Amino acid sequence: MTLGRWLNRSGFGLLSPALLLLIAVFAAPLLVLLPVSLHPYVPGRGIGTSWTFDNYLAILGDGFRLEIIGRSLSLGIIVVATTLVIGYPLAYFLARTGSRLRPWLIMLVIFPLLLNVVVRSFGWIVLLSNYGLVNELLIGVGLIDRPLKLIFNFTGLLIGLTHIFLPFMVLVLIGTIQGIPRDLEDAARTMGASRAAVFLKVTLPLSAPGVLSGGILVFVLTISALVTPRLLGGPTYQVMSTLIFDEFLKILNWPRGAAMAFILTTIVLLLIWVSGRLSRRWTVVR
Amino acid sequence: MSAVRLGRGIGGAVLPAYALLVLLLLQVPVVIVMLASLTTTGYLAVPPVGVTLDWYWKVISDASYIDALTFSLTVAVIATLLSLTIGTAAAYALIRRKVPGSEAIATLLMAPLVFPAVVVAVALLRYYSLIGLRGTLISLVAAHVLITLPYVVRSVLASIASADAQLEEAARTLGADAWTAFFKVTLPLIRPGLVAGGIFSFIVSFDDVPVSIFLVSVRQTTLPVKIFTAVEHGIDPGIAAISTLLIIATGFFLVVAERWVGFHRFA
């Protein structure tokens with residue numbers, strides 16, 4: 001069999017442009033970045049030539065940076081929780097409604113998702129700043145005397161990121177809930193289960209894979225997000241990705257930035273690997 | 001009995017009401033930005049003080065915004081066309097050919113989606129600096145093809161999987177060559193997937209900040225990166241005006257896409 005025929009038969013001929021692109025601008029750059037994290041930083045000259053683990057050790061031994069890693073991770077967990085609690089009932093409604101308007105209601109979920117993230121974050125700045133609409137309203141109603149600090153802190157990031165990533169959670173959950181046969185819920189009702197019992201014992205357990213994949217997706221997106229944390233956290237309230245941003249474009253300590261980048265990548269890949277194992281176990285059990 | 005029925009009626013109305021409330025809350029930041037763009041004051045005010053379109057004129061007559069917009073459109077159009085071509089070829093091969101290790105390859109094609117964008121960006125920054133491509137149009141386009149490819153592959157995969165393979169085989173049997181059979185039979189069948197993939201790709205490329213901000217040159221920046229930098233330096237109603245133009249364009253795009261191919265099915 002000639003090479004040409006093999007390329008055609010196996011499909012690698014058609015796949016080659018995509019695979020070459022992935023090698024040229026994905027795999028190769030990551031391989032090139034790895035040694036950067038293992039060289040020392042020489043002030044004024046950039047990347048040194050000797051080999052060292054100091055960049056990683058310095059990050060893991062530095063209270064300031066550890067706090068930032070912890071902050072990113074706890075933001076991830078809490079944003080997953082808020083998007084899940086707010087999003088599940090919405091997803092359930094959108095999955096089960098027979099309304100003619102359903103496609104357009106789903107478009108209302110997709111629209112903010114596709115809208116530029118800078119624009120959405122900008123909207124939250126206007127809403128949450130000291131003289132923003134939320135504070136003015138709360139003062140106007142008489143609930144508070146002085147403006148609450150809703151921006152450049154954890155609260156601001158939590159609100160902004162929940163809004164940005166809620167559509168992802170909802171879309172994943174809609175897909176899962178639609179796949180649960182309605183007959184199962186009806187059968188449980190017929191046999192005397194209350195609505196709450198049907199939800200807790202039938203619908204929720206069957207949608208667990210969707211909750212898991214939606215949760216992993218939102219967590220990964222949250223700890224990787226750059227634009228919203230920078231705009232709503234400002235230059236001082238840092239998370240992992242804004243720290244990497246500063247190391248590369250402002251402080252110019254690329255070795256330490258690269259080490260932080262690989263720590264972030266390791267966390268993300270580890271999570272995806274674990275969730276892959278978990279969901280496989282679930283499909284085997286069922 | 002009637003109390004039970006009333007309770008059920010309320011229970012039945014709570015969920016739709018809640019859903020509607022959340023859907024509306026999702027749009028609040030959008031509405032706020034639009035309102036802020038109309039103010040006559042020099043600072044941001046919501047609700048706006050008076051109504052004026054001056055900020056729009058100011059933005060539209062600002063050459064640097066027009067430059068950034070043109071550059072963003074150029075990058076997005078080239079990246080989307082390339083992404084559609086190589087993404088469709090890849091998706092077609094994965095479904096219609098017996099590819100060894102096809103699952104691993106599909107995972108690899110989706111990888112740029114789960115990798116933190118910042119990490120991909122700093123890796124590309126280092127790589128392009130080393131090979132002397134930093135700040136060029138081609139380097140930015142290549143990066144955008146990388147981040148848009150998963151969206152094209154995903155949409156097109158779904159379409160090809162549901163298109164009947166026997167139709168293309170019938171065309172081949174009747175004497176059409178492989179290209180004709182693909183372009184005349186399969187391509188029209190998978191058009192919705194192509195359109196949806198193309199729209200995702202265009203929006204992802206046009207809107208991208210986390211990757212582009214590391215790769216643009218000092219002289220030539222994209223529109224979202226320009227807005228991002230402007231917001232970092234302090235907000236004014238001009239930013240609200242350019243943002244509103246983006247909001248209107250995105251909304252228009254989505255309505256057309258929904259009418260054309262039922263876009264919500266591909267999300």
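Read the figures in this text as sums done on the coordinates, not as results from a lab. Not measured: the values here are computed from a predicted model. Every residue, glycine among them, receives a Cβ derived from its backbone with ideal geometry; neighbour counts consider all protein chains shown.
Observations
- 13 Å beta-carbon shell around A:D186, net charge (K/R +1, D/E -1): +2
- Subtracting the Cα-Cα distance of B:D164 and B:T229 from 0.36 nm times their residue separation leaves 18.5 nm of extension gain.
- Of A:A187, B:G42, A:S275, farthest towards positive along the dipole that unit charges on Lys, Arg, Asp, Glu beta carbons give the protein assembly as shown: A:A187
- Each Lys and Arg contributes +1 and each Asp and Glu -1, all at the Cβ; summed about the Cα centre of chain B, the dipole is approximately 560 debye.
- Projected-area average for the range A:158-263 over all orientations - Cα convex hull basis, square nanometres: 8.3 nm²
- Summary value for the range A:1-78: 14 percent relative contact order, contacts being C-alpha pairs under 8 angstrom separated by 6+ residues.
- Residues of the range B:112-144 with an amide N closer than 18 Å to a point placed 7 Å from the Cα of B:T74 along the Cα-to-Cβ direction: B:133-144.
- Label point of A:L7 set 7 angstrom out along Cα-Cβ; within the range B:71-115, amide nitrogens under 18 Å from it belong to B:85-94, B:97-100.
- Highest GNM mean-square fluctuation among A:I23, A:I77, A:I272, for chain A modelled with Cα contacts below 10 Å: A:I23.
- Here the calculated FRET efficiency for B:T180 and A:A27, from their Cβ-Cβ distance with R0 = 35 Å, stands at 0.45, rounded to the nearest 0.05.
- Across chain A, the relative contact order, built from alpha-carbon pairs under 8 Å that are at least six residues apart, equals 25 percent.
- Top of A:S213, A:S74, A:S99 by mean-square fluctuation, Gaussian network on chain A, Cα under 10 Å: A:S99
- Within the shell defined by Cβ-Cβ distances under 15 Å, the residues around B:A111 carry a net charge of 0, with Lys and Arg each +1 and Asp and Glu each -1.
- Counts of other chain beta carbons within 10 angstrom of each beta carbon in peptide A:19-28 average 6.
- Of A:H163, A:S213, A:L243, farthest towards positive along the dipole that unit charges on Lys, Arg, Asp, Glu beta carbons give the range A:81-285: A:S213
- In order along the range A:238-250, phi translates into HN-Hα couplings of 9, 10, 4, 5, 6, 5, 4, 4, 5, 4, 7, 10, 10 Hz, rounded to whole numbers, per the Karplus curve 6.51 cos²θ - 1.76 cosθ + 1.60 with θ = phi - 60° and x for Gly and Pro.
- C-alpha center-to-center spacing [the range B:35-69, the range B:198-231] in angstrom: 21 Å
- Remark: mean inter-chain Cβ contacts per residue of A:219-229 equal 4, using a 10 Å Cβ-Cβ cutoff to other protein chain atoms.
- Candidates A:V170, A:V202, A:V218: whichever shows maximal mean-square fluctuation once chain A is modelled as a Gaussian network with Cα springs under 10 Å: A:V202
- This model, with +1 at the C-beta of Lys and Arg and -1 at the C-beta of Asp and Glu, gives the protein assembly as shown a dipole about its Cα centre of some 1320 debye.
- Only helices enter this figure: runs of n ≥ 4 DSSP H residues, each worth -39500 (n - 2.57), summed and divided by the residues of chain B, yield -24500 deg cm²/dmol at 222 nm to the nearest 500.
- Taking only the Cα atoms of chain B, the ratio Rg/Rh comes out at 1.07, with Rh defined as the Kirkwood radius.
- If you model chain A as an ellipsoid using its alpha carbon gyration tensor, with each semi-axis the square root of five times an eigenvalue, the axes come out at 38, 32, 18 Å, biggest first.
- Taking Lys and Arg as +1 and Asp and Glu as -1, the other residues whose beta-carbon sits under 11 Å from that of A:R256 total -3.
- Extending 7 Å from Cα along the Cβ direction at A:F154 and again at B:T85 yields two label points whose distance is 5.1 nm.
- Residue-averaged [θ]222 nm for chain A, counting only DSSP H segments that reach four residues, each worth -39500 (n - 2.57): -23000 deg cm²/dmol
- Loop-located trypsin sites (Lys or Arg not before Pro) in the range A:84-163 (DSSP state not H, G, I, E or B) with no more than 10 neighbouring Cβ atoms inside 10 Å: A:R100.
- Normalised size of the protein assembly as shown, defined as Cα radius of gyration per 2.2 N^0.38 Å with N residues, equals 1.03.
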